[in-house]
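One structure below.
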Amino acid sequence: YTALGHIHKFQDLNPGTHPPVIYPGSIERVDFGEAADDKFFVIAKIEKGHTIYKAHILSGRCFIDLAVKVKTGDNLMEKILAVLPAEDQLVDAMLRLVVDYPRETEVFLDEAALREKCASAFEFHLVRRPQEEARSRFSPDESVANLTPIELLGRYWQTVKLDPENTQPLQALAASIIQEVSGMAEVDLQSGANE
């Protein structure tokens, strides 16, 4: 007695000898772990003392496994839609789409639109992977209360990784607003200290 079945691949456990002990495997891919596996069916001719078989390959259902990484500032849906194959390639396919995206853009992820776009697929599996942006950490001897608004704004620019070339005019604008609102003397753009 030979029990097979846990591994869904074609197996011949007694190759070249009699009797053949064969398992054709599953005739359809059952998950993405089998996406690259060939699937077979077997036709055997059995005679007393002699058995021959032939494994016939099956084309099987197409598995499409996609991943997209969206960054802060990207158009979330535009970037996702750009990786999807043409509709004729989706027909009867098993489609998995893994999307890594900044958590704050989650409201722009239109799952209904994606499901509509992938309606011709046999199965569409959306894997959402919202990412937390790295937060600015203060050293143990540093306190938010001890930082000026300009210093805090500078920390913010570093956290969102804004190009330093773009932060200078924004810092200057912020300093002029702070000066106007508070009636303070000029604000030092680097340290935030009054001059």
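Every residue, every condition in (1) surrounded by 14 or more Cβ atoms within 10 Å (Cβ to Cβ); (2) charged (D, E, K, R); (3) in contact with a Leu (Cβ under 7 Å, 6 or more places away or on another chain); (4) at pLDDT 85 or above, yes or no:
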residue	(1), (2), (3), (4)
D110	yes, yes, no, yes
K117	yes, yes, yes, yes
A121	yes, no, yes, yes
F124	yes, no, yes, yes
>> The conditions are (1) free of Cβ contacts under 8 Å to residues at least 24 places away in the same chain; (2) among the hydroxyl-bearing types (S, T, Y); (3) not in a loop (DSSP other than H, G, I, E, B), and S26 fails exactly one of them. Which is it?
In response: (3)
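With modelled with pLDDT of 90 or more and touching a strand residue (DSSP E or B) at 6+ places or on another chain (Cβ under 6 Å) as the only criterion, which of A35, A67 stands out?
Numbers: A35 fails: modelled with pLDDT of 90 or more.
That would be A67, the only listed residue that is modelled with pLDDT of 90 or more and touching a strand residue (DSSP E or B) at 6+ places or on another chain (Cβ under 6 Å).
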> So how many residues does region 91-105 have that are under 12 Å from C118 (Cα atoms) and in a strand (DSSP E or B)?
Replying inline: 4
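Can you confirm whether D74 is of a type outside the set (S, T, Y) and over 26 Å from K161 (Cα atoms)?
Numbers: of a type outside the set (S, T, Y): yes; over 26 Å from K161 (Cα atoms): no.
So D74 fails the test.
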> Restricting attention to region 54-90, which residues are exposed (fewer than 12 other Cβ atoms within 10 Å of the Cβ) and in a loop (DSSP other than H, G, I, E, B)?
Replying inline: S59, G73, A86
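The values are calculated or read from the model by the stated rules, or taken from the named source; none is laboratory data. For clarity, every value in this text was computed on a predicted model and none was experimentally measured. Every residue, glycine among them, receives a Cβ derived from its backbone with ideal geometry; neighbour counts consider all protein chains shown.
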